Each structure stands twice: as structure tokens, then as C-alpha cells.
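Input: a single structure, listed below in C-alpha cells.
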Amino acid sequence: MAIAIILFWTLVLPFYNEVSDLDAAIKERDDLLKSKSTIITNIQGLNKEYQKRIPEIAKLSSIVPSKKSVAEVLSAINDISVKNGIELFNSAIIGQKMSNADANAYNLLSLEMGLSGSYPGLTNFLKTFERNLRLVDITSVDATAGIGNTSVLNFVVKGNAYYLK
Amino acid sequence: MPDQNGLQLLPETRRKIEINIPGENRLIYAGTTVLVLILVLVIGLYFYRDALRTKRDVLDSSIVNLEKGRDKKVEANLLTLSKQLSLISTLLDSHVIWSRALGKVENLLQPQVQFLSFSAAVSDNRFEFKALANNYTVVARQIAAFVSDDSIKDITLTNVHILTSGKLEFSIKLDFDKNKFLKE
């Protein structure tokens, strides 16, 4: 009987404890494997949809791109001003990284454009900007009549474009 | 043993007396049974533990294989798209349309008023302008026109004076309701 008790303490209990630990570890790994498998299956499903809709997604990505894309913005400003018959005489495009503490999931790209042209030219310029695929919010517009020729206005248009953090 | 008066008290040969008491070996049997059971249990647990270890290792390797099979680029693309989708609706809701606001000001403008300059900003919801008018009546009508529009919350006549040409130069500051002035 004494031998049985000694064997119980020295062999059965350690084995039992190890088996219990292994059971818990297996359950944990099993759950992890199941959740990971589900996630990966979902990702694969989403990726199939993503591949089917690449053209739409590319357009969507242009609204708020993941990068600053300063060159594209400058090119768009120039195109819009030329199309609307106004002269772009200066511009500044400055990226502003928002802190991670900020709740917004985007960084700002501040735009400042110095332009000259007619009033209809300005309104058309603004309309085109408002319809631009890359989202730009005009924050301020300042206009003054040109010296001597009041039909030519000088404008300073400021705005913000956005890109992902 | 000598024979005493023909009475023999002790047997001449000794016989082993065996007395069986019921249950005398019970403890031994019970101990042996428990010992055997414990040994069986130990062996059972040993094999069960090995089986569990194998199962754990298989699960570990499955998890590692699953990790290896992940396409990080695809995940990054999907994550970016998710961020963009959630952002776009928020940004479109707050998107301002200045061309509409300028159109509104144009519609409210009196024919005899000529703009010299204007300055507008979303940050403080203001639209300021400097203009020329023929007389005070025109300026008053202009103010009344702005008052009639519900997107304009407040009007301040910051300056008005007569020029040598006889015309009036005046400055007005409009405080507008962003949602009505820049969105509707």
C-alpha cells in the first residue's frame, strides 16, 4: 500500500499535471488554428472580390491615396488651371503628418495656389477641383482685382488633400 | 514425554496446526490491486501524454504552415482599402463646395454693386468682401438681400466711406452656416 502511495505521488501526479497542461495547450492551439484558418479563408474570399473589382478600387484609392503623391497633385492643379483659362503663378504643397493620437486616420496635404484670371475662370476652377477624383477641400479663397484691369483677378486658393496615415 | 500412570498428555509426534482466519490477507490483496491499478494508470498516462505531445506538435506545425501561407501584400492591400472606405464617407460628408457658395453670393448681389475683393474661409465660417456701390440705398439693399438668406447667420458692415469719384466703398463681413452655405 505504501509503495502504491509513493508511486502515486511520484509518477501519477506529475503525469496527470503534465497531461492537464498539454490538454490546455492543445485547446489553445486548436482555437488559434481555427480562428486563423477562418481569418485566412475570409481574406482569400475578400481577395477574390478585390481582384474582380480592381478598376473600381483604383478609382476609390485615388480619392484618398495611401501616399502623398505630390507630383500627381501638382500636375492636376496645373491641368485644371490651364483647362479653365487661369494662370497658376505659384503653388505650395506641404504634407502634414498628423500625430497618432489624432483620431483621424489621415494625414493632410496642404495646398496653396496663387492664380490669376477671370471670375468665371475662378468659379470653373473651383467646380473642377470639387469634382476632382482626389478629394480636395478648399479651405479659403482670397481674390483681389488686378491693378488697372479689374476683369483680371488675382486669387489665392488654399485647400487640403488627404492621404492615409 | 514419559507415560505417567498410563496417561499420555502430549502427542508423541508434533503436528502443525493451521488456522485460517477469514480476511487476514485482505490488506495485501487490496495493496496489490491498488499497486497494479496505479501501474496501469501510469502506463496509460504515459501513452496518453505522448499522444497529446504529438497532437500539440502537429498543431504547432499547422499554425506555422498557416503563417507561412499568409500573403502579407494582399493583407496590406485589404487593410488599406478598409481604411480608405471608412475615411471616404467621413470626408465626403464634410466636403465643402465653394462654387455653390460663390453662386449663392452672386445671386444675392445687387446689380449696382461691384466687388473689389473678397476673402472667404471655412475655418471661421466667414465671407468678407470690399465693394463699390452708387449710394447708401444700394448698400442697404445689399445688406437686406444677405439678411433674407437663411445660410447667412450674421452680417457686419465693417466700413463704408465715400470715394472722390462719388461712389461708396464698403466692406461687409458675413458669418455663414457652413452646412447651408457650402453644402446645400
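The values are calculated or read from the model by the stated rules, or taken from the named source; none is laboratory data. Note that the coordinates shown come from a computational prediction; the quantities given were computed from them, not determined experimentally. When we count neighbours, we look across all protein chains shown, and the Cβ atoms used for this are built from the backbone with ideal geometry, even at glycine.
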Output the residue which, of all residues in the stretch A:52-71 that are modelled with pLDDT of 90 or more and charged (D, E, K, R), is farthest from residue B:83 (Cα to Cα). A:52
Specify which of the listed residues (A:40, A:26, A:6) is more than 30 Å from residue A:98 (Cα to Cα) and more than 44 Å from the chain's Cα centre (by Cα). A:6
Among helices (runs of 4 or more DSSP H) completely within the stretch A:6-86, the ones holding 1 or more residues that are of a type in the set (Asp, Glu) and facing another protein chain (nearest Cβ under 10 Å) are A:13-52
Checklist (1) more than 10 Å from chain B (Cβ to nearest Cβ); (2) farther than 19 Å from residue B:86 by Cα applied to residue A:108, failing item: (2)
Residues A:122, A:111, A:126: which one is assigned by TED's automatic domain parsing to the domain that holds residue A:140 and assigned to a strand (DSSP E or B)? A:111
Filter result for residue B:43 (in a loop (DSSP other than H, G, I, E, B), surrounded by fewer than 13 Cβ atoms within 10 Å (Cβ to Cβ) and more than 7 Å from chain A (Cβ to nearest Cβ)): no
Unique match (being surrounded by fewer than 17 Cβ atoms within 10 Å (Cβ to Cβ), of a type in the set (D, E, K, R), under 30 Å from residue A:112 (Cβ atoms) and not assigned by TED's automatic domain parsing to the domain that holds residue A:104) among A:59, A:48: A:59
Only one residue in B:66, B:102, B:109 is within 17 Å of residue B:146 (Cβ to Cβ) and at the interface with chain A (Cβ under 7 Å from one of its Cβ atoms). Which one? B:102
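Residue-by-condition table, conditions (1) at the interface with chain A (Cβ under 7 Å from one of its Cβ atoms); (2) farther than 21 Å from residue A:8 by Cβ; (3) surrounded by fewer than 11 Cβ atoms within 10 Å (Cβ to Cβ); (4) modelled with pLDDT under 90:
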residue: B:14; (1), (2), (3), (4): no, yes, yes, yes
residue: B:20; (1), (2), (3), (4): no, yes, yes, yes
residue: B:28; (1), (2), (3), (4): no, no, yes, yes
residue: B:32; (1), (2), (3), (4): no, no, no, yes
residue: B:47; (1), (2), (3), (4): no, no, yes, no
residue: B:62; (1), (2), (3), (4): yes, yes, no, no
